[in-house]
């Protein structure tokens, strides 16, 4: 019985990995959004974000996860960004150190800007986890367009990222359970308080 259960779990895991590896997302079509969000950490990501800005498909670009030692002028020089574009359309985020903190940094910026749509740019193998983390921190009515930078990851990269994705989904699921339990506890406390007030009034 235990062996069958383990075999079933392994099959689900294996088929899930195959599905993940064989359906990596592609670059997005021409789509207008308020913002383009770029997560640092892979080649071609920032260049893609700048391409979106220069083509007028987004108003502003937010780059999350920039090294705190990098100055805006150095960023502009490295990626050949004009001063006008830096001043009007590019914001650098220095707080994030991983995908989860990317999501928090992005959510804060989107809230400050009051944007309702964004194009998310990251490497294709990273997109599933990045989209899941970012979407979980934003209101449900904010539209996120996946714009993947094409790469050709090796098996080790895919295997590691798939496991990170699973861990992320489990962590988010546990977080939702904690939020629900907290809400139930607060409702119960409020009902008990109301009951006590009613009894005292009578």
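Results, tabulated for the structure shown:
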{"item": "From 111, 146, residue being modelled with pLDDT of 95 or more and within 17 Å of residue 101 (Cβ to Cβ)", "result": "111"}
{"item": "Criterion: without any contact (Cβ under 8 Å) to a residue 60 or more places away in the chain and within 25 Å of residue 158 (Cα to Cα) - qualifying residue of 131, 126", "result": "131"}
{"item": "Residues of the stretch 14-40 satisfying the condition of being touching a residue at least 24 places away in the same chain (Cβ under 8 Å) and part of a helix (DSSP H, G or I)", "result": "16, 17, 20, 21"}
{"item": "Subset tally (residues that are touching a helix residue (DSSP H, G or I) at 6+ places or on another chain (Cβ under 9 Å) and surrounded by 14 or more Cβ atoms within 10 Å (Cβ to Cβ)) for the stretch 121-158", "result": "25"}
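For every residue, the table says whether it meets (1) outside any loop (DSSP other than H, G, I, E, B); (2) within 24 Å of the chain's Cα centre (by Cα); (3) closer than 21 Å to residue 120 by Cα.
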| position | (1), (2), (3) |
| --- | --- |
| 62 | yes, yes, yes |
| 67 | no, yes, yes |
| 76 | yes, no, yes |
| 86 | yes, yes, yes |
| 96 | no, yes, yes |
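Rundown of residues vs (1) within 18 Å of residue 124 (Cα to Cα); (2) touching a strand residue (DSSP E or B) at 6+ places or on another chain (Cβ under 7 Å); (3) modelled with pLDDT of 95 or more; (4) surrounded by 14 or more Cβ atoms within 10 Å (Cβ to Cβ), yes/no style:
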residue	(1), (2), (3), (4)
3	no, no, no, no
30	yes, no, no, no
59	no, yes, yes, yes
71	no, no, yes, no
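The values are calculated or read from the model by the stated rules, or taken from the named source; none is laboratory data. All of these numbers come straight from a predicted model, not from anything done at the bench. So basically every Cβ, Gly included, is an ideal-geometry build from the backbone, and we count neighbours across all protein chains shown.
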